[in-house]
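Trainee: Here you go, one structure.
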Amino acid sequence: MLIQHTVIIRKPLAAVESYLTDAANNCEWQEDVSESGVLTDGDIGIGTKGFEKRIFMNVSFRTEWEVTTYTSCSIPS
């Protein structure tokens, strides 16, 4: 079975990338994330560390992560 879903976002690519790479926004678009954030200073990139708290079957999990590769998808204007 193949399931496909398309979302059209009528915003500039740079604005979409900025929103999706801001860990504080994860709670808005991932329903099982109750809290998220970045633990390091500066812009997202290699070495950035952060965390997420997720609730699954009424159990809360905290996961810490680190960016090991990063390529910006912004297209120069």
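Every number in this text was worked out from the coordinates using simple rules, so none of it is lab data. Note that the structure is predicted; figures quoted are calculated from it, not measured. So basically every Cβ, Gly included, is an ideal-geometry build from the backbone, and we count neighbours across all protein chains shown.
Trainee: Filter the stretch 49-61 down to the residues that are touching a helix residue (DSSP H, G or I) at 6+ places or on another chain (Cβ under 9 Å) and of a type outside the set (D, E, K, R), then identify the one that is surrounded by the most Cβ atoms within 10 Å (Cβ to Cβ).
Mentor: Across the stretch 49-61, the extreme among qualifying residues is GLY50.
Trainee: Any residue in the stretch 57-72 that's farther than 17 Å from ASP22 by Cβ and in contact (Cβ under 8 Å) with a residue 24 or more places away in the chain: show its pairings with residues that are outside any loop (DSSP other than H, G, I, E, B) and among the polar types (S, T, N, Q) at Cβ separation under 9 Å, as long as the two are six or more apart or on different chains.
Mentor: Pairs that qualify, where the first residue is farther than 17 Å from ASP22 by Cβ and in contact (Cβ under 8 Å) with a residue 24 or more places away in the chain and the partner is outside any loop (DSSP other than H, G, I, E, B) and among the polar types (S, T, N, Q), are SER60/SER34.
Trainee: Quick one: how many residues across the stretch 12-42 are part of a loop (DSSP other than H, G, I, E, B) and surrounded by 11 or more Cβ atoms within 10 Å (Cβ to Cβ)?
Mentor: 7
For (1) of a type in the set (A, V, I, L, M, F, W, C); (2) farther than 24 Å from PRO12 by Cβ; (3) in contact with a strand residue (DSSP E or B) (Cβ under 9 Å, 6 or more places away or on another chain), each residue gets a yes or a no:
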{"position": "ALA24", "(1), (2), (3)": "yes, no, yes"}
{"position": "GLU28", "(1), (2), (3)": "no, no, no"}
{"position": "GLU31", "(1), (2), (3)": "no, yes, no"}
{"position": "SER34", "(1), (2), (3)": "no, yes, yes"}
{"position": "GLY37", "(1), (2), (3)": "no, yes, yes"}
{"position": "ASP41", "(1), (2), (3)": "no, yes, no"}
{"position": "ILE55", "(1), (2), (3)": "yes, yes, yes"}
{"position": "GLU66", "(1), (2), (3)": "no, yes, yes"}
{"position": "SER72", "(1), (2), (3)": "no, no, no"}
